[in-house]
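Note sheet for the following structure.
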Amino acid sequence: MYDEIIDKNNKESALKLTKGTEQRNDVNLNYLSRVKKVKALSVNDYIEGILQGNRTVLARAITLVESNLHRHQTMAQEVIEKCLPHSGNSIRLGITGVPGVGKSSFIEVLGKMLTSQGHKVAVLAIDPSSERSGGSILGDKTRMELLSCDENAFIRPSPSAGSLGGVARKTREIIVLCEAAGYDVVLIETVGVGQSEVLAHSMVDFFLLLQLANAGDELQGIKRGIMEMADVIAINKSEGKEKERSEIAALNYRNALHLFPPAESGWIPKVLTCSAYTKEGIKEIWEMVLDYVRLTKKNGFFFKNRNTQNLRILTETISQTLTERFYNSEVIKEKLPIAKDDILDNRVSAYIIAQNLIEDYFKANLT
C-alpha cells in the first residue's frame, strides 16, 4: 500500500519508508471504512427526538446550541423556538459552593432520590475552561457514576468557555431543550462561588449554597453577594466528628442571615446540615425547595421572577450579538490592530480610540 504514495526514484522526496517497519497484521486496515457515519439531523428530527425524550438526540441538540458556527446557530435557534411551547414546566435549581464542598456527590444523591420518586432529572454541570488552552476536563459524569446510568437522568457537562459567573453561555437555551424533553427537575451545578454567580442566580428558581464547617470563619460569607442570593445554605459533609462543628457553623450562618434585608420572594432563607455520604438531610433540603416553590407560586413571585429572567435574556443577547458583530466587522478587523499599537505607544487615549472605533463601525454599517 505504501508503494502507491512513495516515489522510490525521487531522492528529494520527504516520503520514505524505513526498512523493517511493516504494517502489523493485527491492525484492521478496513476499520475506517466500516465506521458508522452519524446521520445529519434536520430540525424536525431534533424536535421529534427531543419531545420523545431521546437522550441521544437531546445531547446532539445541545452540541448544536453550543456550536459557534453560524449555520449551526441558525438551526439551533429554530429548534429552540419550536421547543419553547413545551418548556417551563420544571423546577430549576442552582447549586454552588467552593471546590471540594461535595457538589457532585450531593447532586448524585439528590438526583437518585428524585428519580426514585418518579422525577426526570437533568444535570447541567458547568466545567471551568482553562484560560490558557480554553479546554475543559468535562469529568462530572465520572463523579456521578450511579446517576449517569439512571434512565430517568440526563447529565451534560459543558465548558464555561470564559463565561461570566461560571455558567456556560448557552445554559438558558439548554434548559429549554431539557424541559421540552420531559425533565421536570433541572439541576445546574456552577463552577464555584463569588460575586459573578449572579449570572447563575438569574436563570434558576431556587439557589442552594453548599458550605463546609471547617473552611474557616463562617461569617466571612457575609462579605460575599452569594449569601444574599442563597435561598438555603446547606453545611455539607456533616457526618462523624464533623457533625458537631457543622451544627455550630449552621448556627453562625443563621445569625448572619438576620443581618440581610427581607427577600422580595417573601421567603426566609434557611440553614441546614446534610451529608451526601450518609444521605442525611437530603430529603429535608428537597422539601425546602418544594415549600419555596409553593410559597412563591402562591404570592406570584415565581412567575414574576421567570419573566424578569426572560427580559434579562433579551438585553444580554442584544449586548452579546452587538459585540460579536462589532469584532467580526471588516472595518474593525482592519483598524483594531493599529488602534492597539497606538495605545501601547501612548499616542492616543484608549477611551478616545474606543469611541472612534464605535463611530467607524456604525458609519460602515449605516451607509
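So between residue 184 and residue 248, what do we pick up on full extension, going 0.36 nm a residue minus the alpha carbon distance?
Residue separation times 0.36 nm, minus the Cα-Cα distance, leaves 19.5 nm.
In whole percent, what relative contact order does region 38-86 give with Cα contacts below 8 Å and a gap of six or more residues?
Relative contact order comes out at 35 percent.
Within a 10 angstrom radius of the beta carbon, how do 103, 297 rank from fewest other beta carbons to most?
Taking fewest neighbouring Cβ atoms as first place, the list is 297, 103.
Could you tell me what a quarter of the Cα convex hull surface of region 38-86 works out to, in nm² with one decimal place?
3.2
Distance from a point 7 Å along Cα→Cβ of residue 310 to each backbone N in region 260-296: keep the residues under 19 Å and list them by number.
Residues 296 fall inside that zone.
Taking neighbour Cβ counts within 10 Å as the exposure measure, how do 86, 201 sort from fewest upward?
86, 201
Provide the packing ranking of 353-364, 88-99, 306-317, i.e. peptides ordered by the mean count of other C-beta atoms within 10 Å per residue, highest first.
Highest to lowest by the protection proxy: 88-99, 353-364, 306-317.
Residue separation times 0.36 nm, minus the C-alpha to C-alpha distance between residue 228 and residue 116: what's the value?
37.1 nm
Between residue 214 and residue 54, how many nm apart are label points set 7 Å from Cα along the C-beta direction?
Label at residue 214, label at residue 54, 5.0 nm between them.
Taking R0 as 41 Å, what's the FRET efficiency between residue 279 and residue 74 from their Cβ-Cβ distance, rounded to 0.05?
Plugging the Cβ-Cβ distance into 1/(1 + (r/R0)^6) gives 0.35.
What spacing in nm lies between the two simple spin-label points modelled at residue 351 and residue 291, each 7 Å away from Cα in the Cβ direction?
5.1
Please order 270, 283 by the number of other Cβ within 10 Å, starting at the fewest.
If I rank by nearby Cβ atoms, fewest first, I get 283, 270.
Of the peptides 253-262, 59-68, how do they stack up when ordered by the mean number of other Cβ atoms within 10 Å, highest first?
Answer by packing, highest mean first, reads 59-68, 253-262.
Residue 318 versus residue 359, label points 7 Å from Cα toward the beta carbon: distance in nm?
Distance between the two pseudo-spin positions: 2.4 nm.
Quote the Stokes-Einstein diffusion coefficient, in whole µm² s⁻¹, for region 311-366, based on the Kirkwood radius over alpha carbon pairs, a temperature of 10 °C and a viscosity of 1.306 mPa s.
Estimated diffusion coefficient is 129 µm²/s.
Each reported figure results from applying straightforward, stated rules to the coordinates on display, with no laboratory input. Note that this is a predicted model, so its numbers are computed, not measured. Because the Cβ atoms are built from the backbone with ideal geometry, glycine has one as well, and the counts that use them run over all protein chains shown.
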